[in-house]
Structure formats: C-alpha cells, structure tokens
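First the structure, then my questions, so here it is.
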Amino acid sequence: MTSSQPKLSPAELVYKMIAAMTKLIDGSAEIVNKYENQPVANSIALKEMDSFADRELVLDVYARASLCFESAADHLMAFSCTLKEPAKTLSPYTCIRSLLESSALTLWLLDINIDATERVGRCFGFRHKEFKEQIKFFEADRVNTHEAQIEIDKVNRRMTVVENKAIALGYPQLSKNGKITGIATHMPETIGLVKLILNNESEYRLLSSVAHSYLWATRQVGFKIIEATDTNGQKIKAVKKHVHPQMVLFGINLAIPTFARVFWTIGKLYGWNMQEVEELLDRVFDEIGFKSSVRFWRQP
C-alpha cells in the first residue's frame, strides 16, 4: 500500500519556498565569498581580459556587472525580508521589479554567447546612457544651477574621453540628425532589456504598475474587498490590505529562477566550480518542486 504526501496549502507552500529562497541566498553568498567574487585562472573572464586590446576595458565590464549582481542579490534579500512577519503587501513586488532590472542588465553585459569585443561595446552603450542620466540629474537642480552646470561640464568631458577611446578601438559613434545618440551600440530601455533577456515583459509591467501605485495593480496584489459599515450604518464594500499567498508564490517563482540564472552566469564566466554551483541550484529547486524544464543549467 502506498502513501501519498498531503498537498500543501498555498500558505504552507509559501513558507516552504521562503525557506528554499533563504538557502539560495546563503548558499550563493558562501560560494561568492569563497572566490571573493573574482575570476579564477583560465576562466573565460580572464582569457577575455588577456586577449583584448585594452585589458582595463574588459575588466571594467566585469566590475560593473558585478555591482549589478550585488544589486540583484540585495533586492532578493530585501524581498525575502518583506515576507517575514509582519509580511508586507506591496513592497515585495517593488523589490522583485528591481531584481528583474538589475538581473537583466547583468545578463546583457555578461552574455555567455558574445565575445570580449561585443561585451566592451555593450558596456560603452551602457556608459553613454549613464552619462546622459547623470546630466539629467544635474539639470533637474533648479536651485544650485551654477554648481550643477559645473558637474554637467565634468560629465560631458568624461563622455568625450570615453567616446574618443571607443572610436580609437574601432567602435562607431552613433548619431541621428547630427546629434550623438550613443557609443558602439544603443542600450535597450529597461523594459526592453527585461523583455529581451528575461522574457518577463508582462510580469514586469504588473510590478511597475504596483511601483507607480496604479490602482488596478495594487488592488489585486495587496488588497482584498471586504464588507464594512459606513457612518450611517449602511453596508458598503471596502478594501483592506491583504497578503495573497498566490501573489507571493508569483513573486518567488519570478525571483528565484532569475537570480539563479545571474548567479550561474557569473560562476560560468568566472571559472568557479560549476558542480558546486549547480548542486546548490538543484537542492533549492528540488525543495521548491521546480520541474526539470526550468533548470536551464541542465538543458542541452
């Protein structure tokens, strides 16, 4: 006679998945710290640095991507914290939104299917966008206009240096109607990156709508409709903050595979022990009950 395992309720499944997420956070941190988040000898990363015309530029790509990876990890930990008692109803989803953004950028820069030339080109595109965002930041200062202009001039000078370096290496300077619009390549907008790299456009739009306090999104994510009584004693419909287990599961099902992919990619390019990395991912995915089809590291 065989016995079947009792089916878990949504709440029980949430607690189980939170525990698995904690194991992923702790386990990945242990591996990252063991390697000091650095590439090892004979790794793809070091080979790219040694083969490219300007080693520092390849090093710069990996340094920037590592900071993006740290951002993804930080938002995953923040997401985990929002689920602990007293659980939050809306902030978990803004954490996941930031996790998707930083993960998509990391994976775009550290695409394992491109070479150092393409990688540096993407970083030039990223840096140009950063310069433009810095300028917008200083232009928004309507109080300290003189000081802001000094900073804008500094950014423009740095941007010119970077543009000249890219041109010297053979990268194109992109322009439209006589105005420079990019270096080497145009970096996709954030939602474009999420769509291109993660294939999570609809999920990202929901998370962004929560972040922007659009009622259609916040009501279904963090509230429930209840019956209440108004000051005249009349029965009315009202909304009350509520943690929906199904929405928490939605968030975890987004967060864990996304972070796992970033962590695995870092390990692959940095030459870490991939058996150790993949065994950790297998344990976490086993505990959650993820099917083999989502275990990207096992795909041919």
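Once a ≥ b ≥ c are taken as the square roots of the eigenvalues of the Cα gyration tensor of region 36-108, is the result rounded (a/c under 1.5), prolate (a/b larger than b/c) or oblate (a/b not larger than b/c)?
Verdict is prolate for region 36-108.
So which trypsin sites (Lys or Arg not before Pro) in region 42-100 end up in coil per DSSP with only 12 or fewer other C-beta atoms within 10 Å? Display every interim value, and only then the final one.
Numbers: sites: LYS47, ARG55, ARG64, LYS84, LYS88, ARG97; in loops: LYS84, LYS88.
Answer by residue number: LYS84.
Looking at [x] 134; [y] 208; [z] 109, which value of volume of the Cα convex hull per residue in Å³ comes from a calculation on the structure shown?
[y]
To continue, here is another question. Name the residue, out of HIS186, HIS146, HIS242, whose mean-square fluctuation peaks in a Gaussian network model built on the chain with Cα pairs under 10 Å.
HIS146
Can you give me the long-range amide H partners of LEU174? Hydrogens built in the peptide plane at 1.01 Å from N, cutoff under 5 Å, separation of 5 or more residues or another chain.
So LEU174 has HN proximity to THR181, GLY182, ILE183, ALA184.
Quick one: angle between helix 274-288 and the longest Cα principal axis of the chain, in degrees between 0 and 90, rounded to 10, please.
Computed tilt is about 30 degrees.
What shape does region 204-300 take by its C-alpha gyration tensor, where a ≥ b ≥ c are the square roots of the eigenvalues and a/c under 1.5 counts as rounded, a/b above b/c as prolate, and the rest as oblate?
prolate
Next up: Read phi for every residue in region 43-55 and hand back ³J(HN,Hα) as whole Hz from Karplus 6.51 cos²θ - 1.76 cosθ + 1.60, θ = phi - 60°, with x for Gly and Pro.
Per-residue couplings from phi come out as 6, 4, 4, 5, 5, 5, 4, 6, 9, 7, 4, 10, 4 Hz.
Mind listing the phi-derived Karplus ³J(HN,Hα) values for region 239-249, rounded to whole Hz, using 6.51, -1.76 and 1.60 with θ = phi - 60°, and x for any glycine or proline?
Using θ = phi - 60°, the values come out as 10, 9, 4, 8, 8, 8, x, 5, 6, 5, 4 Hz.
Quick one: 3J(HN,Hα) in Hz for region 123-139, Karplus 6.51/-1.76/1.60 with θ = phi - 60°, rounded, Gly and Pro as x.
Karplus values, whole Hz, x for Gly and Pro: 5, 4, x, 5, 5, 4, 5, 4, 4, 5, 5, 4, 4, 4, 4, 6, 5.
In percent, how large is the relative contact order of the chain, given Cα pairs closer than 8 Å and 6 or more residues apart?
Relative CO of the chain lands at 27 percent.
Continuing with the same structure: When a/c is below 1.5 the answer is rounded, else prolate if a/b is larger than b/c, else oblate, so apply that to region 80-190 with a ≥ b ≥ c taken from the square roots of the Cα gyration tensor eigenvalues.
The shape class here is oblate.
Relative contact order for region 185-300: what percent, with Cα pairs under 8 Å and sequence separation of 6 or more?
Over region 185-300, the number comes to 12 percent.
Every number in this text was worked out from the coordinates using simple rules, so none of it is lab data. These figures come from a predicted structure and were not determined experimentally. As a convention, Cβ positions derive from the backbone with ideal geometry for all residues, glycine included, and neighbour counts pool all protein chains shown.
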